[in-house]
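Trainee: A single structure is presented below for examination.
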Amino acid sequence: MAERCAIVGIGQSDHQRRRDDLSMPGLLREAATRALADAELEWSDIDAVVFGKAPDLFEGVMRPELFLNDAMGGAGKPMFRMHTAGSVGAHTAIFGAHLIESGQYECVLSIAFEKQSETDTSRILGGGSRGGAGVAFASSIRQYIEKSGAPPHIGPLVAVKDRLNALKNPHAQLKIPGIDIKMVEESEMVVEPLRKLECCPTSDGAGAIIFTSEKRIPKTERPPAWLHGSSTRSEASGHPSRSWVNPLAGQQCAAEAYAQAGITNPLEELDCAEIYVPFSWFEPMWLENLGFAEEGQGWKMVDDDITAFDGAFPVNASGGVLSANAIGAAGLIRCAEAAMQVRGTAGEHQVPDVRRAMGHAFGGASQYFAIWIVGSEKP
């Protein structure tokens, strides 16, 4: 039987377009030391470290984990490296949890980062095109709009929601007081139908999570979050019959995580979710892919304010990827934010009475997926 896994410490760096005040090791130390302080642990308590980041090309430093482990404070610790494009942060979190569940270690630090200011990631992702990753995903968004009949205001509505949520999050990068639909709709067109305020920023940032076995939970006033289920899936990116709008790997990943957590009706049995939404229209798409809405109906949840901060099912109460996007860390931070919600430690963006929550990420050509379900009660 797998060991129970507890999330006992969470730390994030402050996200900015450029963190010129910190080197790569300094960025990681900021997140790691905050996680250690949250758990009331020391580096000597950590048994192993799991690193995650997006392609090394983004900073131009190959295999940076080889020096970063020692440089950030983990000298002499066993170290692992994860990489699955944009979903890597969530994979990093889940792999750290697996090391606890397997009984291999009793206290693990998972940490992920990106320092995008070191190079031009938009140019790398877009093959030199001005729109960056948006160019690749705009066609699937247009396909979703055509198939579902979603009205054009849905994307701007998501953008406004997440950016208003970001005003409550001290770590968020983009904070735009007074943002409204008109402001989004009048922002610069990047690639149809995506306008600038519907797109994620480029960010420098890091996130860290500390896991322990049940017997190693530190005696603090802050309760742990418990891992109830987790899953990772991938599929071939170039298969002619695959869907970019509703990928099979995402459906299967969610189904496995729900099965592990004993969830049969996710909309009723989960209280909130942190979903990887780098472009506004991905929220209704992923609501369908993850089983919260029937196919073609996800946009109606947005339109009815169900996913608003004070709605029946808040999505991205932190402001999400639209408000801070250190690519390698973004998925881990979705998992961390879900755990913060069930621990009751999310501060101003705390959703009331959260018992179970989802953290989610996707990567590549919508081909890599990672999901976890966390809860306030021991499974």
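The values are calculated or read from the model by the stated rules, or taken from the named source; none is laboratory data. Predicted, not measured: the structure shown is a model, and the values here were computed from it. So basically every Cβ, Gly included, is an ideal-geometry build from the backbone, and we count neighbours across all protein chains shown. SASA here: full protein model, heavy atoms, side chains in, ligands and nucleic acids out. Shrake-Rupley method; radii C 1.70, N 1.55, O 1.52, S 1.80 Å.
Trainee: Take the stretch 239-252 and flag every residue that is among the small types (G, A, S) and free of Cβ contacts under 8 Å to residues at least 12 places away in the same chain.
Mentor: S241, S243
Trainee: Next up: Taking the stretch 237-272 only, how many residues are of a type in the set (A, V, I, L, M, F, W, C) and open to solvent by less than 50 Å² (accessible area, probe 1.4 Å)?
Mentor: The number of residues fulfilling the criteria is 9.
Trainee: Considering only the stretch 326-350, state which residues are open to solvent by 10 Å² or more (accessible area, probe 1.4 Å) and outside any helix (DSSP H, G or I).
Mentor: G344, T345, Q350
Trainee: Looking at this structure, is F313 part of a loop (DSSP other than H, G, I, E, B) and aromatic (F, W, Y)?
Mentor: On the way: part of a loop (DSSP other than H, G, I, E, B): yes; aromatic (F, W, Y): yes.
Yes; evaluated as a whole, the condition is true for this residue.
Trainee: Within the stretch 55-63, can one find any residue that is closer than 30 Å to K175 by Cβ, within 20 Å of the chain's Cα centre (by Cα) and small (G, A, S)?
Mentor: The answer is no, given that none of the residues of the stretch 55-63 is closer than 30 Å to K175 by Cβ, within 20 Å of the chain's Cα centre (by Cα) and small (G, A, S).
Trainee: Could you identify the single residue in A236, A259, A273, A225 that is of a type in the set (A, V, I, L, M, F, W, C) and within 19 Å of A85 (Cα to Cα)?
Mentor: Within the list A236, A259, A273, A225, the selection yields A236.
Trainee: S318 is checked against (1) under 22 Å from A208 (Cβ atoms); (2) touching a Phe, Trp or Tyr at 6+ places or on another chain (Cβ under 6 Å) and fails just one. What number does that condition carry?
Mentor: Of the numbered conditions (1) under 22 Å from A208 (Cβ atoms); (2) touching a Phe, Trp or Tyr at 6+ places or on another chain (Cβ under 6 Å), the odd one out for S318 is (2).
Trainee: Moving on. Going by what's in this entry, would Y276 be described as closer than 25 Å to A312 by Cβ, surrounded by 16 or more Cβ atoms within 10 Å (Cβ to Cβ), in contact with a Phe, Trp or Tyr (Cβ under 6 Å, 6 or more places away or on another chain) and among the aromatic types (F, W, Y)? If you could, list the steps in order and put the result at the bottom.
Mentor: Numbers: closer than 25 Å to A312 by Cβ: yes; surrounded by 16 or more Cβ atoms within 10 Å (Cβ to Cβ): yes; in contact with a Phe, Trp or Tyr (Cβ under 6 Å, 6 or more places away or on another chain): yes; among the aromatic types (F, W, Y): yes.
Here the answer is yes, as Y276 does meet what is asked.
Trainee: Residues E42, E30: which one is open to solvent by 70 Å² or more (accessible area, probe 1.4 Å) and at negative phi? Write out each step before concluding.
Mentor: Numbers: E30 fails: open to solvent by 70 Å² or more (accessible area, probe 1.4 Å).
Checking each option against the conditions leaves just E42.
Trainee: Quick check on A249: is it farther than 19 Å from I100 by Cα and touching a Leu at 6+ places or on another chain (Cβ under 7 Å)?
Mentor: Working: farther than 19 Å from I100 by Cα: yes; touching a Leu at 6+ places or on another chain (Cβ under 7 Å): no.
Spelling it out, it is not the case that A249 is farther than 19 Å from I100 by Cα and touching a Leu at 6+ places or on another chain (Cβ under 7 Å).
Trainee: Return the pairs, sorted by first residue and then second, in which the second residue is among the basic types (K, R), the first residue lies in the stretch 304-332 and is farther than 16 Å from W286 by Cβ, the beta carbons are less than 7 Å apart, and the residues are 6+ apart or on different chains.
Mentor: A308/K161; G319/R163; S323/R163; G328/K53
Trainee: Kindly provide the set of residues from the stretch 237-274 that are over 27 Å from N165 (Cβ atoms), modelled with pLDDT under 95 and not small (G, A, S), ordered by number. It would help to see each step written out before you state the result.
Mentor: We begin by selecting, within the stretch 237-274, every residue over 27 Å from N165 (Cβ atoms); these are 237-243, 248-249, 252, 255-256, 259-260, 262, 264.
Keeping just the survivors that are modelled with pLDDT under 95 gives 237-243.
Within the stretch 237-274, H239, P240, R242 qualify.
Trainee: Pick from the stretch 170-214 the residues that are among the hydrophobic types (A, V, I, L, M, F, W, C) and under 30 Å from L109 (Cα atoms): which of them is surrounded by the fewest Cβ atoms within 10 Å (Cβ to Cβ)? Write out each step before concluding.
Mentor: The first filter runs over the stretch 170-214 and keeps only residues among the hydrophobic types (A, V, I, L, M, F, W, C), leaving 172, 174, 176, 179, 181, 183-184, 189-191, 194, 197, 199-200, 206, 208-211.
Next cut, under 30 Å from L109 (Cα atoms) only: 172, 174, 200, 206, 208-211.
On the way: A172: 25, L174: 20, C200: 25, A206: 33, A208: 34, I209: 32, I210: 26, F211: 30.
Ranking the candidates gives L174 first.
Trainee: Would you tally the residues in the stretch 200-222 being within 15 Å of the chain's Cα centre (by Cα) and hydroxyl-bearing (S, T, Y)?
Mentor: Of the residues in that region, 2 qualify.
Trainee: Here is a further query. Which of the residues spanning the stretch 100-134 are surrounded by fewer than 24 Cβ atoms within 10 Å (Cβ to Cβ), part of a helix (DSSP H, G or I) and either hydrophobic (A, V, I, L, M, F, W, C) or modelled with pLDDT under 65 (or both)?
Mentor: T121, S122, R123, I124, L125, A133
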